[in-house]
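This report refers to the structure that appears directly beneath it.
The values are calculated or read from the model by the stated rules, or taken from the named source; none is laboratory data. What you see is a predicted model, and the numbers here were worked out from it, not measured in a lab. Positions of Cβ are generated from backbone atoms using ideal geometry, with glycine treated the same way; all protein chains shown enter the neighbour counts.
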Amino acid sequence: MLIGKEIYDLEGKELLLRSPGKEDAAILIDYLRTTCEETRFLSKEPEEVLLTLEEEKEFIRKMNVSDESVMILAFLDGEFAGNCSFSGQGLKRQKHRATMGIALYQKYTGMGIGRLLIGKLCNIAKEKGFEQMELEVMAENERAIHLYKKMGFKIYGVFPGNAKYKDGTYGDAYWMMKKL
């Protein structure tokens, strides 16, 4: 689904939120590679980001026409800062659930962008009739967990050994959920 452009003042800087267009495909692929390299809290290694421009354009198109999914891009003073999205479940028994994801370039974390994006996602999901927002977060990502808890999410489960890193170590993940 599409959202209209929204502009917020973030401590004197302009934060623009908007839906992606096909012209954003290249920056989204580059962003995914970079953010996967910046942190081990995301699900992929940078070299696993193999999307072509055409595949990313098609993904954007599907997100924009979907009634159950939304993607929001964030630009701070004209620079791409990151994005967030949610997707609904296709099965009748799970239609009340939406699953979200969010990532920002590291230089934009801690500025309130994530809080604003998560609030926006939850509001849209609630307006669309979803009853709960779910996410998965690496247990060692303490800053994100702290933010999610402040936003009303609670930990409901642990996935031991959810990720295996290049150095051979494992990371647990939490399943968190918020009632909308």
(request) Check region 31-40 and report whether any residue there is without any contact (Cβ under 8 Å) to a residue 60 or more places away in the chain and in contact with a strand residue (DSSP E or B) (Cβ under 6 Å, 6 or more places away or on another chain). (result) no
(request) Go through (1) part of a helix (DSSP H, G or I); (2) surrounded by 19 or more Cβ atoms within 10 Å (Cβ to Cβ) one by one and return the number of the condition PHE59 breaks. (result) (2)
(request) Show the residue pairs that are 6+ apart or on different chains and have beta-carbon atoms under 9 Å apart, the first residue being within region 156-180 and without any contact (Cβ under 8 Å) to a residue 24 or more places away in the chain, the second being part of a strand (DSSP E or B) and among the basic types (Lys, Arg). (result) TYR170/LYS164
(request) Taking GLU56 as meeting all but one of (1) more than 17 Å from the chain's Cα centre (by Cα); (2) among the acidic types (Asp, Glu); (3) on the phi < 0 side of the Ramachandran plot, write down the number of the exception. (result) (1)
(request) State whether the residues of region 41-51 include one that is under 15 Å from the mean Cα position of the chain (by Cα), on the phi < 0 side of the Ramachandran plot and crowded, with 16+ Cβ neighbours inside 10 Å. (result) yes
(request) Please specify each residue of region 65-112 satisfying the condition of being part of a helix (DSSP H, G or I) and either over 16 Å from LEU180 (Cα atoms) or modelled with pLDDT of 95 or more (or both). (result) VAL65, LYS92, ARG93, GLN106, LYS107, TYR108
(message) Tally up the residues in region 5-31 that are in a loop (DSSP other than H, G, I, E, B) and either at pLDDT 90 or above or surrounded by 13 or more Cβ atoms within 10 Å (Cβ to Cβ) (or both), please.
(response) 5
(request) Out of ARG143, ARG115, report the one residue that is assigned to a helix (DSSP H, G or I), over 12 Å from the mean Cα position of the chain (by Cα), touching a residue at least 24 places away in the same chain (Cβ under 8 Å) and surrounded by fewer than 17 Cβ atoms within 10 Å (Cβ to Cβ). (result) ARG143
(message) Kindly evaluate ALA163 against the criterion of being crowded, with 16+ Cβ neighbours inside 10 Å, of a type in the set (Gly, Ala, Ser), at pLDDT 95 or above and in a strand (DSSP E or B).
(response) no
(message) For the structure I just gave you, tell me whether LEU76 is under 16 Å from the mean Cα position of the chain (by Cα) and either of a type outside the set (Phe, Trp, Tyr) or surrounded by 15 or more Cβ atoms within 10 Å (Cβ to Cβ) (or both).
(response) no
